[in-house]
Amino acid sequence: MNNWSIFFKNIQNKEYAKKIKVFLDDEYNNYNIFPERKNIFKAFQLTKPQDIKIIIIGQDPYCQIGQATGLAFSVDKNQKIPPSLENIFKEIESEYNLKMKQNGDLTYLANRGCFLLNTILTVRENRPLSHDINEYKDFIKDVLEYIDNLEQYIVFLLWGSKAKQYTKYIKNKRRLVLLSAHPSPLSANRGGWFGNNHFLKANTFLEEHGIKGVDWKND
């Protein structure tokens with residue numbers, strides 16, 4: 001049983017949950033919205049709460065046709081790898097001395113215990129942050145508070161100022177929070193991304209607590 005079902009049952013009658021549904025009904029009926037509606041909660045579908053080892057927080061989905069998959073930073077395997085993901089791959093390559101494949105589908109990480117969470121779950125075509133609504137903020141707050149009650153050790157990778165705002169919801173002492181600049185070229189090229197060693201540090205923390213680290217190499 002995927003324990004997210006307990007979480008969603010607990011929030012289904014909250015006012016923000018009802019408003020999100022009404023909002024999305026209208027948006028999907030009248031605009032091109034990404035990702036496909038069936039994939040809005042893909043991160044939750046692929047990574048069970050009890051399996052979470054690492055949480056990577058993104059902002060909103062890619063807003064071009066064919067890109068957004070419902071997983072933060074991920075694109076369909078047939079899509080060109082976006083610049084931020086390219087820099088993520090470069091850092092993995094540097095830390096582990098390996099070569100990543102030109103495949104931006106991060107489903108493999110979701111299946112290995114990485115919860116790839118966008119804090120804004122949807123977006124209009126060509127309109128970044130168009131779905132930056134308060135109801136999503138309420139939803140993410142509940143998600144993170146639910147996660148904070150989980151017993152296992154978890155690493156949070158918070159990249160950029162937007163992601164760092166969520167540190168206030170991380171209170172469990174079995175957490176490691178790693179902060180750095182965002183991997184987008186505009187931010188990364190100013191320093192603070194390359195050489196952050198987040199992928200190595202995350203696995204070291206997990207292994208120190210008897211948990212198998214994440215194999216970052218893509219399929």
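With respect to VAL214, is the statement that it is in a loop (DSSP other than H, G, I, E, B), within 20 Å of SER84 (Cβ to Cβ) and out of contact with any Pro (no Cβ under 8 Å at 6 or more places or on another chain) true? Judged against the criteria, VAL214 is a match.
Report yes if some residue within region 7-29 is under 22 Å from GLY160 (Cβ atoms) and in a helix (DSSP H, G or I); otherwise report no.
Start the filter on region 7-29 by keeping residues that are under 22 Å from GLY160 (Cβ atoms), which leaves none.
No, every residue in region 7-29 fails to be under 22 Å from GLY160 (Cβ atoms) and in a helix (DSSP H, G or I).
Out of everything in region 147-160 that is part of a strand (DSSP E or B) and either β-branched (Val, Ile, Thr) or at pLDDT below 95 (or both), what residue ends up being farthest from LEU186 (Cα to Cα)? Filtering first and then ranking leaves ILE154.
Right, GLU86: without any contact (Cβ under 8 Å) to a residue 60 or more places away in the chain, in a helix (DSSP H, G or I) and either more than 17 Å from LYS201 (Cβ to Cβ) or among the polar types (S, T, N, Q) (or both) or not? Step through it out loud before you land on a result.
Values: without any contact (Cβ under 8 Å) to a residue 60 or more places away in the chain: yes; in a helix (DSSP H, G or I): yes; either more than 17 Å from LYS201 (Cβ to Cβ) or among the polar types (S, T, N, Q) (or both): yes.
Against the criterion (without any contact (Cβ under 8 Å) to a residue 60 or more places away in the chain, in a helix (DSSP H, G or I) and either more than 17 Å from LYS201 (Cβ to Cβ) or among the polar types (S, T, N, Q) (or both)), GLU86 qualifies.
Count of region 1-46 residues, restricted to those that are surrounded by 15 or more Cβ atoms within 10 Å (Cβ to Cβ), in contact with a Lys or Arg (Cβ under 9 Å, 6 or more places away or on another chain) and closer than 19 Å to LEU117 by Cβ, is 7. Among the residues of region 161-190, those that are in a loop (DSSP other than H, G, I, E, B) and without any contact (Cβ under 8 Å) to a residue 40 or more places away in the chain comprise ILE170, LYS171, ASN172, LYS173, ARG174, ALA181, ASN189, ARG190.
Beta carbons closer than 8 Å, at least 6 apart along the sequence or on distinct chains, pair a first residue in region 113-126 that is under 27 Å from GLN50 (Cβ atoms) with a second that is of a type in the set (Lys, Arg) and not in a strand (DSSP E or B) for GLY113/LYS53; CYS114/LYS53; THR119/LYS137; THR119/LYS162.
The values are calculated or read from the model by the stated rules, or taken from the named source; none is laboratory data. The model shown is predicted, which means the values in this text are computed figures rather than measured ones. All Cβ positions, even for glycine, are placed from backbone atoms using ideal geometry, and neighbour counts span all protein chains on display.
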